[in-house]
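Trainee: Let me give you the structure first, and then I'll get to my questions.
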């Protein structure tokens, strides 16, 4: 199964790290969770993983902290670690639907669809509903080449209107090299949160993979307007300029200029 390309800043560095205020010497679990969420929304998954861990150091009863760790490990292509952490978390919170979904996604990335489906079935049978459970279900359909994943992703969007849902759905599609479907999802995130730089970056990645270089250039430019320190957008723009320059030189050679 193809590995998803990590969409992060070049050095796992917060965009405001050089100019922002100094971090408070002591933070509680609520503040660490807020930091994790902020980093996650910026594609800084290593940082988010660290902050979720800090929150759990303060309060090991935070299910959201355990789940966040599992999700970040999956986004960082560390499925084995994600499976281990989800297993440990389920020992503390048996029958938790979110953690069962997290373990199902980890097994899916490891290629064990039988275990993944069993856990996903169990997650959906637990009390309550969530976007994440349906996102994982959609990924299982996608991994199994069953053409019903869109229904699951639509269900996730209905349950949670946060722009993070279509953005992370786009990342799932990108993992399976379905760039066109990924672009359709991330466009929803850009439309819902045009002031956020990360959706613009992911949109640019999708467009670049599809050969829509002019549109990709616009997306990366917009990302850099919102976050001037975004190394990923700058690097991809340089690659696009290199491709454009190559075509220009070829055309001039053909035209005899």
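Trainee: For region 198-229, which positions are surrounded by 24 or more Cβ atoms within 10 Å (Cβ to Cβ) and more than 11 Å from residue 240 (Cβ to Cβ)?
Mentor: Matches in region 198-229: 198, 199, 200, 201, 202, 203, 205, 206, 223.
Trainee: If I ask for residues that are touching a residue at least 24 places away in the same chain (Cβ under 8 Å) and surrounded by fewer than 19 Cβ atoms within 10 Å (Cβ to Cβ), which ones from region 188-197 would you list?
Mentor: Of everything in region 188-197, those that are touching a residue at least 24 places away in the same chain (Cβ under 8 Å) and surrounded by fewer than 19 Cβ atoms within 10 Å (Cβ to Cβ) turn out to be 188, 192, 193, 195.
Trainee: Still on this structure, I have one more. Considering 128, 111, which residue is at positive phi, in contact with a helix residue (DSSP H, G or I) (Cβ under 9 Å, 6 or more places away or on another chain) and free of Cβ contacts under 8 Å to residues at least 40 places away in the same chain?
Mentor: 128
Trainee: Kindly indicate whether any position in region 134-146 is modelled with pLDDT under 95 and over 17 Å from residue 40 (Cβ atoms).
Mentor: yes
The values are calculated or read from the model by the stated rules, or taken from the named source; none is laboratory data. Fair warning: this is a prediction, and the values are worked out from it, not measured in the lab. Reconstructed Cβ throughout: ideal geometry from the backbone, glycine too, with neighbour counts over all protein chains shown.
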